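To keep things clear, I will list the structure first and then write my remarks on it.
Each reported figure results from applying straightforward, stated rules to the coordinates on display, with no laboratory input. It should be emphasised that the depicted structure is a prediction, and the values quoted were computed from it without experimental measurement.
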Amino acid sequence: MRSGTGRGRFGPPGALLLAFLGPFLSACATRPAPAPRPAAPTPTPKPPPPPAAAVPDPPFTGAPVNANRPYAEIVRLRESGQSNEALLEKVRNENVFYSLSIFEIQKLRAAGVSEPVIEAMLASGRTARTPTPR
């Protein structure tokens, strides 16, 4: 029992919808558009680190090298032609504390200094040994 005019019981089909949504649509039409959000600030790039040449070296905190190493004189005398017996006498008479490192002992051996001279150098400058009881 519908007529072909497109009208229903409540009038035109969009009339009810317009009556219901009318106040909402008019409020939206009069509201101003929201302000645009400010763009996020772009981060400034960090400056590059300084080159390694600009960084100063740390100060030297090690022990100073003793330029006057007494073993060097024995090496010099042996290389100049002194005999091992003369070197042994010199070491025993002067009683110098040599404190030889392994590297220095190797240098003495390479120069041709005999083992008795090296042993005398290692014992030289030390306090007298306590005699063992009998």
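Tell me the Rg and the Dmax, in Å, that the Cα atoms of the range 69-132 produce.
Using the Cα atoms of the range 69-132, the pair Rg, Dmax is 11.5, 40 Å.
Can you compute 3J(HN,Hα) from phi for each residue in the range 121-126, using the Karplus curve 6.51 cos²θ - 1.76 cosθ + 1.60 with θ = phi - 60°, rounded to whole Hz and x for Gly and Pro?
5, 5, 8, 5, x, 8
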